[in-house]
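Asks: What follows is a structure written as structure tokens; I'll ask about it next.
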Amino acid sequence: MLCQICGKNPATVHFTEIHDNHMSEIHVCERCAEEKGMHASAQQHKFEIADLLAGMVDSMTQTDEERVGHVQCPRCGMLYSSFKETGRLGCAECYAAFQFQLRPLLRRIHGDTRHRGKTPTRGSAGAARTRQIQRLHDDLRRAVEREDFEKAATIRDEIRTLEAELQAERAGAEGRS
Amino acid sequence: MSPLAPRDMDELFASPSPWLLGEGPHAEMVLSTRIRLARNLDDVPFTHRAREEQLMGVLASVSAAAQGSKSFADGLLLRMNEVAPLDRQVLVERHLVSHELGDGARPRGILIAPDARLSLMINEEDHLRLQALTPGFQLAEAWALADGADDELDPALEFAFNDEIGYLTSCPTNAGTGLRASVLIHLPALVLLEEIQRVLKSIMQVGLNVRGLYGEHSEVMGNLFQISNQTTLGRSERDSIESLERVTRQIIETEERARERMMRDARVQIEDKVWRAYGTLRYCRSIHAREVINLCSAVRLGVAMDVPALCPLRVLNELLVLTQPAHLQRMHGSELAPADRNIVRAGFVRERLAAAERESGVNP
Ligand SMILES: [Zn+2]
Ligand SMILES: [Zn+2]
């Protein structure tokens, strides 16, 4: 996980902030912690996503910041500037509306921006299968790490079958259209 | 035969939560294991931004969908605005609802499954917060419960999801899997031997979060710590759970070694501390909730170290929850001023331990 302030160094200092019954977690590198005057004992300091975002736009000019702040979610009407204040998004569509601002934030929070977990069944069958293949690749990597080559071979066969099915599906879909 | 859900708040209050039973793997050290999944409906703004009637719609559609699922059929639905404030606090003390849900001001609810380990908060920070809370150290079991219930709810509800970011949540810290896996662990030896800071630091370095239980901010009470995954994007649920599992196992071993060392070098001092704690609990006349938590920690250590004639773990777990203010006042049948609470609490603790002594037939 990378430092949420500079985004460069690994985060080794971690804070949990409970504010209005809302718990948020902050991960920063030691240098940034020191610069911001945060010590292990200073966990009470109000330091939330809002501050984190404020830090991120430091490099922007005033006008840039204003422009970004006026980006609005077409569905729920939430302004990006108000997300910056509260740290909460307004609706599912906000993720698309603010995607350019959110991506670096998600990277800072999670160290990654791609979902690798389960998928709702309502998602397209192709997407679900793709993710299942991705999961199997994770399993394969783990099996190889464990030197469980028998298991690895089984997983590899499974991946091949799924990939073949996926290709057949795609070909079928193209044939129909 | 499948278990029955409590029919109302009274029945719920009377039946102990499964996580209090003191059962499950490593129950002497890990009190409970929790899996939480955050989900939202695609077509409704997130809870904090939704209008009252939209939230009523969410409460209705989610509870209907859940009650139509195998896991939650015949569950108990409590609408928070219909639950008395004291009872809402009881639910918080049982770890069934969060403080946020416990405020009762908006259309929120909790659905408790017949399998009492499973519950669903509706209109908390996210529209759905599915929770599996199991006794002891049982990450795989808790995950299977939550994952299964999520699979059942999924076809009936359109969850907010996109292929890149995964499940979309009100706070971007939960986006992706929406998973929070956590264990509640008792680490008295590491605290006593002053090795805890080093251990906590190493937990955080591998990307897990740790905080004290019951304390505000980082204050730790009763040597109880909650360890959980930190990130929800970029790793599968299984990956997150496995890394929590691996690290927790290492901590269990470290604590076990510390306990052995302590008992080898200072058995009499430890037993003395354990029995003094027991004696205080058994004969106190006025006691603060915090003192109960701290003394129970010493007794729990004694039980884990096989000090003979102490009470079972179940009794200690019960004391932890039942001596909290809302439980205490509900048992007492009326509201109590803090000073009176301490007196009633002391009476309850003495009585509970006396009953345990009678049950075991051992007089320590
Ligand atoms: Zn930094
Ligand atoms: Zn929106």
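Asks: Give the number of residues within segment B:241-259 that are in contact with a Phe, Trp or Tyr (Cβ under 6 Å, 6 or more places away or on another chain) and either in the same structural domain as B:VAL274 (by TED's automatic domain parsing) or under 12 Å from B:HIS186 (Cα atoms) (or both). Break it down into steps so the answer makes sense when it comes.
Replies: Initially, segment B:241-259 is screened for residues in contact with a Phe, Trp or Tyr (Cβ under 6 Å, 6 or more places away or on another chain), giving B:241.
With the extra rule that they be either in the same structural domain as B:VAL274 (by TED's automatic domain parsing) or under 12 Å from B:HIS186 (Cα atoms) (or both), the set shrinks to none.
Adding up the residues that qualify gives 0.
Asks: Moving on to the next point. On the basis of being of a type in the set (A, V, I, L, M), over 14 Å from the mean Cα position of the chain (by Cα) and under 22 Å from B:LEU316 (Cα atoms), does B:ALA14 make the cut?
Replies: Values: of a type in the set (A, V, I, L, M): yes; over 14 Å from the mean Cα position of the chain (by Cα): yes; under 22 Å from B:LEU316 (Cα atoms): yes.
Considered against the rule, which asks whether it is of a type in the set (A, V, I, L, M), over 14 Å from the mean Cα position of the chain (by Cα) and under 22 Å from B:LEU316 (Cα atoms), B:ALA14 comes out as yes.
Asks: For segment A:80-117, give me each residue that is more than 7 Å from chain B (Cβ to nearest Cβ), touching a strand residue (DSSP E or B) at 6+ places or on another chain (Cβ under 9 Å) and either open to solvent by less than 40 Å² (accessible area, probe 1.4 Å) or farther than 28 Å from A:ARG135 by Cβ (or both).
Replies: A:TYR80, A:ALA97
Asks: Here's a follow-up. Please determine whether any residue of segment B:35-48 is assigned to a loop (DSSP other than H, G, I, E, B) and either more than 14 Å from chain A (Cβ to nearest Cβ) or without any contact (Cβ under 8 Å) to a residue 60 or more places away in the chain (or both).
Replies: In the first step, residues of segment B:35-48 are kept if they are assigned to a loop (DSSP other than H, G, I, E, B); the result is B:40, B:42-46.
From what is left, the residues that are either more than 14 Å from chain A (Cβ to nearest Cβ) or without any contact (Cβ under 8 Å) to a residue 60 or more places away in the chain (or both) are B:45.
There is at least one residue in segment B:35-48 that is assigned to a loop (DSSP other than H, G, I, E, B) and either more than 14 Å from chain A (Cβ to nearest Cβ) or without any contact (Cβ under 8 Å) to a residue 60 or more places away in the chain (or both).
Asks: Hey, another quick one. Would you confirm, using the coordinates I've provided, whether B:VAL58 is within 29 Å of B:PHE225 (Cα to Cα) and crowded, with 21+ Cβ neighbours inside 10 Å? Lay out the reasoning, then the answer.
Replies: Working: within 29 Å of B:PHE225 (Cα to Cα): no; crowded, with 21+ Cβ neighbours inside 10 Å: yes.
Answer is no for this residue.
Asks: Identify the single condition in (1) crowded, with 20+ Cβ neighbours inside 10 Å; (2) over 18 Å from B:GLU194 (Cβ atoms) that B:ALA258 does not satisfy, given that it satisfies every other one.
Replies: (2)
Asks: Quick one: which of B:GLU351, B:GLU335, B:GLU357 is surrounded by fewer than 20 Cβ atoms within 10 Å (Cβ to Cβ) and under 22 Å from B:GLU23 (Cβ atoms)?
Replies: B:GLU357
Asks: Hey, another quick one. Out of B:ALA60, B:ALA73, B:ALA66, B:ALA116, report the one residue that is within 18 Å of the chain's Cα centre (by Cα), away from chain A (no Cβ under 14 Å) and not in a strand (DSSP E or B).
Replies: Details: B:ALA60 fails: within 18 Å of the chain's Cα centre (by Cα); B:ALA73 fails: within 18 Å of the chain's Cα centre (by Cα); B:ALA66 fails: within 18 Å of the chain's Cα centre (by Cα).
Of the residues listed, the single one that is within 18 Å of the chain's Cα centre (by Cα), away from chain A (no Cβ under 14 Å) and not in a strand (DSSP E or B) is B:ALA116.
The values are calculated or read from the model by the stated rules, or taken from the named source; none is laboratory data. Because the structure is predicted, anything quoted here is derived from the model rather than measured. Backbone-built Cβ (ideal geometry, glycine too); neighbour counts: all protein chains shown. Note: accessible area is taken over every heavy atom of the protein model, side chains too, but ligands, DNA and RNA are not part of it. Shrake-Rupley method; radii C 1.70, N 1.55, O 1.52, S 1.80 Å.
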